[in-house]
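The next block holds one structure in the form of structure tokens; read it before the comments.
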Amino acid sequence: MINKNLVIIGGGPAGLAAAKSAYDSGERDIVILERESVLGGVLNQCIHNGFGLHTFKEELTGPEYASRYIQEVQKRGIEYKLDTTVLNVSDKKIVTAVNEKDGLLKYKAKAVILACGCRERPRGGINVAGSRCAGIFSAGTAQKLINIDGYMPGKEVVILGSGDIGLIMARRMTFEGAKVKAVVELMPYSSGLNRNIVQCIKDFNIPLLFSHTIVDIKGEGRVSSVVIAKVDENLQPIMSTAQEIKCDTILLSIGLLPENELAKSASVQLSPVTGGAIVDENMMTSVDGIFECGNVLHVHDLVDFVSMESEDAGRSAVEYINRKSKPKRDYVEIKCSGGVRYVVPQYLSKSDKLDKLQLKMRVNNVYKDTRLVVLAGDEEIYSKKKQIVTPGEMESVILNKEMIEKAQKSDKLEVMLKGE
Amino acid sequence: MKKIIVIGGGVTGCSIARELVRYDTEVTVLERFNDVSSGTTKANSGIVHAGFDAKPGTLKAKFNMLGNAMFEKLSKELDFPFKRNGAFVLCFDKEDLPRLRELYDRGIKNGVEDMFLLTPEEVWDIEPNITHDIAGALYAKTSGIVSPYEMAIAYAENAAVNGCNFELEKKVVDIQKEGEGWKVICEDGSSYYGDMVINCAGVHADEINNLVCDKKLTIIPRKGEYMLYDKTCSFITSTTIFQMPSKMGKGILVAPTTHGNIITGPTAKDVQDKEDLDTTFEGLNEVYDKARKSVPSLNKKFVITQFSGIRAHCTEDDFVIGESDKKGFYNVAGIESPGLTSAPAIAVYVAEDIADKLDLKKKKGFVAKRKAIPHFAILPDREREKLIKENPLYGKVICRCEVVTEGEIVDAINRPIGAKTVDGVKRRTRAGMGRCQSGFCLERVMEILARELGVDFETIAKNESGKYIVYRKEK
Ligand SMILES: Cc1cc2nc3c(=O)[nH]c(=O)nc-3n(C[C@H](O)[C@H](O)[C@H](O)COP(=O)(O)OP(=O)(O)OC[C@H]3O[C@@H](n4cnc5c(N)ncnc54)[C@H](O)[C@@H]3O)c2cc1C
Ligand SMILES: Cc1cc2nc3c(=O)[nH]c(=O)nc-3n(C[C@H](O)[C@H](O)[C@H](O)COP(=O)(O)OP(=O)(O)OC[C@H]3O[C@@H](n4cnc5c(N)ncnc54)[C@H](O)[C@@H]3O)c2cc1C
């Protein structure tokens with residue numbers, strides 16, 4: 001058993017930023033455990049531009065953004081172990097990991113930060129009927145095959161789902177000479193960023209079909225075509241609208257799911273809405289000393305927000321390690337309503353003195369000309385006009401000291417949309 | 001030495017081959033796909049039936065009962081997953097209770113032990129998630145679950161170790177009389193001589209029979225679709241839950257798998273094409289709705305995959321087992337449910353029968369035991385450490401959802417009748433069978449396959465040879 005003050009699980013942007021800020025808050029006894037053979041997480045396969053606009057005020061590729069954080073970690077001499085998979089975290093903060101060199105590793109940690117990222121929802125998750133042949137990939141797998149391994153998943157492509165990875169892959173496959181025949185989206189709106197719809201779909205004249213879904217996949221051994229159809233208000237396919245599209249490949253971009261197997265093993269309480277842990281303003285979960293940040297907590301669309309959130313988590317973990325007493329869990333619950341699907345964090349301590357608090361949230365539909373409102377008790381402490389809010393773009397609100405105090409005093413904090 | 005040809009590498013063919021290699025004879029299995037267990041054996045309910053279902057006096061009833069009793073010993077000897085978990089047959093309607101009683105009586109006639117008629121309260125005591133809309137249930141404690149493809153692979157590996165010759169990608173297209181025996185001709189032009197030819201071709205057993213025999217067989221392919229749930233749903237039931245067949249049709253089962261998932265299905269629909277394994281919109285909806293009749297708390301959200309299997313329903317309405325009207329041509333046809341349950345008993349019967357007919361003697365040095373690939377995920381820490389010390393590749397996790405290491409995958413490829421495809425690795429190790437369905441490990445499994453087999457990455461197939469997963473990028 002190895003004693004460690006802070007064990008960080010995952011060496012993606014979340015884990016790296018948490019490590020950096022923990023170090024800068026004075027902690028030296030840190031290890032990052034990463035199962036891949038390089039640091040950087042999912043950014044390594046995102047070779048497109050568009051990272052770091054907020055953090056570095058310039059447009060970087062995924063690997064460039066990651067390498068800045070990797071350098072920060074290396075400069076500080078923070079220990080990390082690659083090719084090391086964490087198998088289990090107990091509620092006593094015993095972390096069991098494995099690699100080829102050390103065999104089984106057991107750490108007894110004072111604090112643990114879960115920064116394990118997310119995974120893609122597979123075909124099975126949405127019950128698409130049809131052949132189970134080769135040629136069906138999740139969009140992220142296809143991205144890795146093309147960008148890292150140098151192979152093409154196929155030549156004629158239909159993409160189901162308009163999540164960001166699907167949109168980006170539509171462009172990427174086109175660049176590589178494939179024909180993207182359609183992007184098919186169940187909802188009447190995209191779950192991706194607007195800038196990706198413009199830059200990846202519209203600029204290439206790829207048909208983007210809203211309120212459509214795949215009802216059948218045909219192929220013997222390999223995909224030969226898909227049948228798509230319109231859906232009604234209840235999202236049920238209208239079979240009379242069915243049409244067949246020839247293709248040899250289907251990419252699925254149908255949602256990302258926080259990877260919380262380890263959180264479960266540690267009995268961390270999870271939110272059924274985000275799929276991530278329920279946390280307080282310190283990013284601490286229901287288990288003392290276990291923190292979460294990045295995509296494992298809730299799926300982000302911009303890495304800049306992952307880094308910010310994770311720096312908070314790193315700092316808080318160090319505060320926790322240095323505490324003399326158990327944290328008091330005397331909270332104001334942060335609620336959401338009126339079109340806001342979730343808010344993170346879910347709890348605010350009643351007694352902690354804070355200068356600012358960032359609330360991150362997603363809405364459940366497209367709303368136009370609305371206001372994003374925060375209530376402390378019955379008082380509107382924050383209000384901002386929004387021309388449009390969509391489920392694909394995370395919204396964020398920063399509360400100042402005065403607003404936080406009001407919320408702590410009134411014992412009620414709620415986020416909502418208010419139509420005009 | 002007498003030569004025996006087994007056509008078909010499903011559980012029927014593999015188990016017969018394994019029982020035959022106990023004798024002094026040369027056994028060859030011809031299988032049309034690139035792996036054993038690629039037919040019906042890979043996609044079914046995996047239930048070791050108690051035996052109350054089959055009509056008394058039929059071969060189905062006989063071999064079901066004999067087979068069921070063999071599983072404890074066999075699963076240890078050949079090291080494949082099996083559990084005797086018990087089964088309910090739910091009766092939803094008071095009016096149907098007499099028919100439940102009939103089922104019970106039929107079980108008694110067949111010799112089923114440990115069978116009870118329970119009240120709803122007694123049922124909920126055992127499985128609280130079962131619907132409250134029941135009038136009673138039959139409870140059969142001897143019902144079990146098995147991993148069907150691992151069972152067939154175990155049989156095949158053990159047969160191979162004992163000298164059986166497995167010829168893969170050999171599709172039999174013709175059989176001609178040659179001397180005392182038969183010349184079995186494959187699509188690629190190759191041919192094999194057998195003093196005895198055993199037809200274990202599953203849904204295609206009628207076609208093989210009809211190449212030779214005067215008495216023709218007809219097999220009607222009948223599709224069954226399934227939905228499989230994530231392991232987090234394992235709390236739902238540890239007992240197999242059947243529904244009583246009613247005017248509404250044959251029921252849908254809800255059962256645990258040996259690996260802790262929940263399986264629901266199958267539908268029953270006659271289809272034209274014997275290879276039509278597509279799932280359908282209607283079929284999946286039917287599975288979902290009917291399964292929720294037994295367990296209302298099942299939630300679509302936790303489904304991780306869907307698949308279907310084809311029953312080899314023979315118009316004879318029973319197993320067809322025995323030497324045909326042509327000497328030296330032996331049928332093991334119409335092996336629909338309870339075919340998996342019956343396989344061990346059928347195999348012993350057929351091997352003894354054929355040994356008798358060909359006057360075969362037992363050979364020395366038969367190795368009955370087979371060791372499975374170690375499953376890192378379920379090993380205690382001490383054994384994990386030992387394994388990694390012997391081979392560090394067991395310290396490298398490739399499939400994160402099911403925690404499958406590189407050591408296991410390499411073992412799966414390099415065993416007798418090793419995996420050649422992504423699906424072959426999957427059935428042997430569970431890599432890619434978890435909740436992300438190979439999203440993360442697909443390309444790493446392909447890399448390992450390419451390296452171990454010494455072939456190019458882009459030639460690795462999902463299952464069917466020649467149907468590639470990726471293409472080389474054109475530069
Ligand atoms: C395809 C794609 C395109 C994107 N495009 C943009 C964009 O254009 N602009 C932008 O700003 N943002 C973009 N993002 C978002 C941003 O990159 C992600 O939100 C961010 O990378 C998430 O960081 P993370 O550290 O939480 O997760 P990850 O990057 O997924 O890192 C998690 C790490 O944890 C490791 N890990 C997990 N479990 C274990 C375990 N048990 N043991 C050991 N290690 C473990 C994983 O291997 C991984 O390296 C994109 C994301 C994706 C997926
Ligand atoms: C939906 C469903 C549910 C079931 N549930 C259960 C259950 O719960 N319990 C139970 O006991 N049984 C069950 N069964 C039955 C059981 O699955 C089968 O009885 C069993 O798998 C049959 O095995 P087999 O080896 O005879 O056939 P298969 O597994 O189909 O093997 C036949 C093999 O022959 C090969 N072949 C065919 N033609 C040729 C050729 N010309 N040349 C060379 N090779 C050829 C095929 O490729 C195939 O590999 C179920 C079946 C289905 C379809």
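The values are calculated or read from the model by the stated rules, or taken from the named source; none is laboratory data. Because the structure is predicted, anything quoted here is derived from the model rather than measured. With ideal geometry, Cβ positions are generated from the backbone for all residues, glycine too; neighbour counts draw on all protein chains shown. Just the protein is used for accessible areas: all its heavy atoms, side chains included, with ligands, DNA and RNA removed. Shrake-Rupley method; radii C 1.70, N 1.55, O 1.52, S 1.80 Å.
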Answer yes or no: is there a residue in the stretch A:46-59 that is within 14 Å of chain B (Cβ to nearest Cβ), open to solvent by 50 Å² or more (accessible area, probe 1.4 Å) and within 19 Å of the chain's Cα centre (by Cα). yes
Which of the residues belonging to the stretch A:212-229 are of a type in the set (A, V, I, L, M) and facing chain B (nearest Cβ under 7 Å)? A:Val215
For the stretch A:1-20 the number of residues that are open to solvent by 10 Å² or more (accessible area, probe 1.4 Å), more than 6 Å from ligand 1 (Cβ to nearest atom) and in contact with a helix residue (DSSP H, G or I) (Cβ under 9 Å, 6 or more places away or on another chain) is 2
Of all residues in the stretch B:339-361 being open to solvent by 10 Å² or more (accessible area, probe 1.4 Å) and either within 14 Å of chain A (Cβ to nearest Cβ) or not hydrophobic (A, V, I, L, M, F, W, C) (or both), the one that is nearest to B:Glu286 (Cα to Cα): B:Tyr349
Pairs where the first residue, in the stretch B:212-240, is farther than 23 Å from A:Pro122 by Cβ and of a type in the set (Lys, Arg) and the second is open to solvent by 10 Å² or more (accessible area, probe 1.4 Å) and outside any strand (DSSP E or B), C-beta under 6 Å, 6+ apart: B:Lys215/B:Asp325; B:Lys216/B:Asn210; B:Arg222/B:Ala268
Among the listed residues B:Ile469, B:Ile409, which satisfies the condition of being closer than 28 Å to B:Glu31 by Cα and either modelled with pLDDT under 95 or in the same structural domain as B:Gly9 (by TED's automatic domain parsing) (or both)? B:Ile469
Output the residues belonging to the stretch B:15-67 that are open to solvent by less than 20 Å² (accessible area, probe 1.4 Å), within 7 Å of ligand 2 (Cβ to nearest atom) and part of a helix (DSSP H, G or I). B:Thr41
Checked B:Asp381, B:Asp359 against criteria (among the charged types (D, E, K, R) and within 30 Å of B:Val212 (Cβ to Cβ)); the one match is B:Asp359
When the stretch A:90-129 is examined, which residues are found to be open to solvent by 10 Å² or more (accessible area, probe 1.4 Å), part of a strand (DSSP E or B) and more than 8 Å from chain B (Cβ to nearest Cβ)? A:Ile94, A:Leu105, A:Lys106, A:Lys108, A:Lys110, A:Cys118
Scan the stretch A:133-144 and tell me whether some residue there is surrounded by fewer than 24 Cβ atoms within 10 Å (Cβ to Cβ), of a type outside the set (Gly, Ala, Ser) and within 16 Å of ligand 2 (Cβ to nearest atom). no
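Quick grid of which residues meet (1) open to solvent by 50 Å² or more (accessible area, probe 1.4 Å); (2) more than 16 Å from ligand 2 (Cβ to nearest atom); (3) away from every other protein chain (no Cβ under 14 Å); (4) not aliphatic (A, V, I, L, M):
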{"site": "A:Leu297", "(1), (2), (3), (4)": "no, yes, yes, no"}
{"site": "A:Val303", "(1), (2), (3), (4)": "no, yes, yes, no"}
{"site": "A:Ser307", "(1), (2), (3), (4)": "no, yes, yes, yes"}
{"site": "A:Arg323", "(1), (2), (3), (4)": "yes, yes, yes, yes"}
{"site": "A:Glu333", "(1), (2), (3), (4)": "yes, yes, yes, yes"}
{"site": "A:Arg341", "(1), (2), (3), (4)": "yes, yes, yes, yes"}
{"site": "A:Asp355", "(1), (2), (3), (4)": "yes, yes, yes, yes"}
{"site": "A:Lys384", "(1), (2), (3), (4)": "yes, yes, yes, yes"}
Somewhere in the stretch A:172-185, is a residue of a type in the set (S, T, N, Q) and either within 21 Å of the chain's Cα centre (by Cα) or within 7 Å of chain B (Cβ to nearest Cβ) (or both)? no
Need the failing condition index for B:Ala312 against (1) away from chain A (no Cβ under 13 Å); (2) more than 23 Å from B:His132 (Cα to Cα); (3) surrounded by fewer than 21 Cβ atoms within 10 Å (Cβ to Cβ), just the number. (3)
From the list B:Glu122, B:Glu150, B:Glu102, B:Glu95, pick out the single residue that is out of contact with any His (no Cβ under 8 Å at 6 or more places or on another chain) and assigned by TED's automatic domain parsing to the domain that holds B:Thr58. B:Glu150
State whether one or more residues within the stretch A:196-209 are within 14 Å of another protein chain (Cβ to nearest Cβ), free of Cβ contacts under 8 Å to residues at least 40 places away in the same chain and open to solvent by 60 Å² or more (accessible area, probe 1.4 Å). no
